[in-house]
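Presented below is the structure to which this report refers.
The values are calculated or read from the model by the stated rules, or taken from the named source; none is laboratory data. Since this is a predicted model, take the numbers as computed values, not measurements. Every residue, glycine as well, gets a Cβ built from its backbone with ideal geometry; the counts of neighbours run over all protein chains shown.
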Amino acid sequence: MVWEIGLPLPFAASVHDHPTDAELSEACRRGNIRAFERLYQIHAPRMKSLAFHLLGSRADAEDSVQEAFLKVCRAARGFEGQSSFSTWVYRILINCCYDAIRKRQRLAESPVISDFRTESNVPLKVALQRALNLLNERQRMVFLLFEVEGLRHSEIATILEVPEGTSRSWLFEAKCQLKRLLTEAPK
Amino acid sequence: MKFECGDLDRALANSELFQEAREHLKTCAACRREYRLWNEISTNARELHEEWDTPELWPTIRQTLEAERKPERLWWQQGKMWAIAATLVIAAGLSFFFWRRNVPVATAPSTQTTADFLTEQALREVEKSEAVYRDSIDKLSQLAAPKLAATSSPVIASEKERLALLDSAIAETRANVASNRFNIRLQTALADLYRQKQETLRELLTTNTKNNDTKN
């Protein structure tokens, strides 16, 4: 079995003759630093992107990815294999991002992207990025994982610890909400 | 059921309803726009994936990990040295133990060979004695043979019959001994049969001699 989480094509090509999720998780459990490096090479680009969308800043995203990897390395020995290793890594990253958001709220910082306004003249990509910030937490998370980062519903369900049908339902809600926001008349 | 603009969202979630939506989309420009937007959301979402180089990120993570592990590694290295030392001591102890244990074991084959040789030698001596004994008894038989053939008294006939029985038993026992030379019980039984035959012949010859003395 190859990595459970589907990879972006350019990345998948470089992973072709590399260990499976189980082999890599076993190597990481033994504390093999090369295995952690391989894990980083495979998942860091997508993890950075996800963290960026959750936190709104590349610097914060890098900090969260770093923290997540350190947590993974420290806790890998105790990984019990109830889910796939890669989905476990994403779950840790999401928790790190939530911690960063909570910390930011405690410090009364305003979100990096707090102002959203639909404008008829902005490209759809920009409008979409802004509209994403108006979604509720679960809708935005599922949308980011499925539509932006290309994870499957089965993987998202494992990461968020919800049934697969719930993941599909939240995605539909997210897209309906985005459609509504993007077709609304500018205020 | 007539499909209306408000049904589009439900149709997007339900493939059965979507067949009806297709017909509606042909005639409704507003719904067509919404449907196009629905698809464009997914298309544009993929472009939201952010990629940027972070050449320092992994080295930083690695350095942090190595710094955290250093004390553990030193302890482990120390532990490893102790483990190697302990293994060597145990290996040396086991080697000595087995060497000591093997000393008598190493001499065992020669002892066994000697024992086998002695047994074989003893058996050969028994067989040699038996052969000498058998020859002696045969000589007695030859001496008794004219008397046995000439005399028709019931006592002699009885002795003659007994000797025949003993000869038959001796022949059978010798055959058994030939197939199992080391069976002491058979050897003893054979010796006993020879002894009985010898006794019988001796009595027979003695009786004749006594009879002759009485006659004289």
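If we scan segment A:168-186, do we find a residue that is of a type in the set (S, T, N, Q) and within 16 Å of the chain's Cα centre (by Cα)? For segment A:168-186, residues of a type in the set (S, T, N, Q) and within 16 Å of the chain's Cα centre (by Cα): absent.
In segment A:71-92, the residue that is farthest from A:R30 (Cα to Cα) out of those that are touching a helix residue (DSSP H, G or I) at 6+ places or on another chain (Cβ under 6 Å) and within 14 Å of another protein chain (Cβ to nearest Cβ) is A:I92.
Residues being crowded, with 23+ Cβ neighbours inside 10 Å and within 11 Å of the chain's Cα centre (by Cα) are represented in segment A:69-91 by at least one member. Within segment B:106-122, not a single residue is assigned to a helix (DSSP H, G or I), at pLDDT 75 or above and outside the structural domain of B:Y194 (by TED's automatic domain parsing). I'm checking my understanding of the structure. Among residues of segment B:136-184 that are surrounded by 16 or more Cβ atoms within 10 Å (Cβ to Cβ) and among the β-branched types (V, I, T), which one is nearest to B:E125 (Cα to Cα)? Going through the qualifying residues, I end up with B:V177. Taken over segment A:142-172, residues that are within 15 Å of B:I41 (Cα to Cα), of a type in the set (A, V, I, L, M) and touching a residue at least 40 places away in the same chain (Cβ under 8 Å) amount to 3.
When B:T43, B:T64 are checked against the criterion of being surrounded by fewer than 17 Cβ atoms within 10 Å (Cβ to Cβ), at the interface with chain A (Cβ under 7 Å from one of its Cβ atoms) and part of a helix (DSSP H, G or I), a single residue qualifies: B:T64. The set of residues in segment A:126-143 being within 18 Å of A:N95 (Cα to Cα) and within 8 Å of chain B (Cβ to nearest Cβ) consists of A:F143 alone. When the residues of segment B:186-216 are filtered to those that are over 48 Å from the mean Cα position of the chain (by Cα) and of a type in the set (S, T, Y), the one that is modelled with the highest pLDDT is B:T200.
Residues in segment A:37-49 that are farther than 17 Å from A:C96 by Cα and either within 7 Å of another protein chain (Cβ to nearest Cβ) or charged (D, E, K, R) (or both): A:E37, A:R38. What about B:E16, is it farther than 26 Å from A:Q66 by Cβ, at pLDDT below 80 and not in a loop (DSSP other than H, G, I, E, B)? Yes; evaluated as a whole, the condition is true for this residue. The set of residues in segment A:1-36 being modelled with pLDDT under 85, assigned to a helix (DSSP H, G or I) and within 11 Å of chain B (Cβ to nearest Cβ) consists of A:P10, A:F11.
Within segment A:149-170, restricting attention to residues that are surrounded by fewer than 24 Cβ atoms within 10 Å (Cβ to Cβ), facing chain B (nearest Cβ under 10 Å) and of a type outside the set (K, R), the residue that is nearest to A:S49 (Cα to Cα) is A:G150. All of (1) closer than 24 Å to A:L128 by Cα; (2) surrounded by fewer than 13 Cβ atoms within 10 Å (Cβ to Cβ) hold for B:L12 with one exception: (2). Checking each residue in segment B:126-185 for being farther than 17 Å from B:Q196 by Cβ, under 56 Å from the mean Cα position of the chain (by Cα) and β-branched (V, I, T) picks out B:V126, B:V132, B:I184. Identification of helices (runs of 4 or more DSSP H) wholly contained in segment A:61-144 with 1 or more residues that are modelled with pLDDT under 85 and not acidic (D, E) yields A:85-106, A:124-132.
Listed conditions (1) within 60 Å of the chain's Cα centre (by Cα); (2) at pLDDT 90 or above are all met by B:P55, apart from (1).
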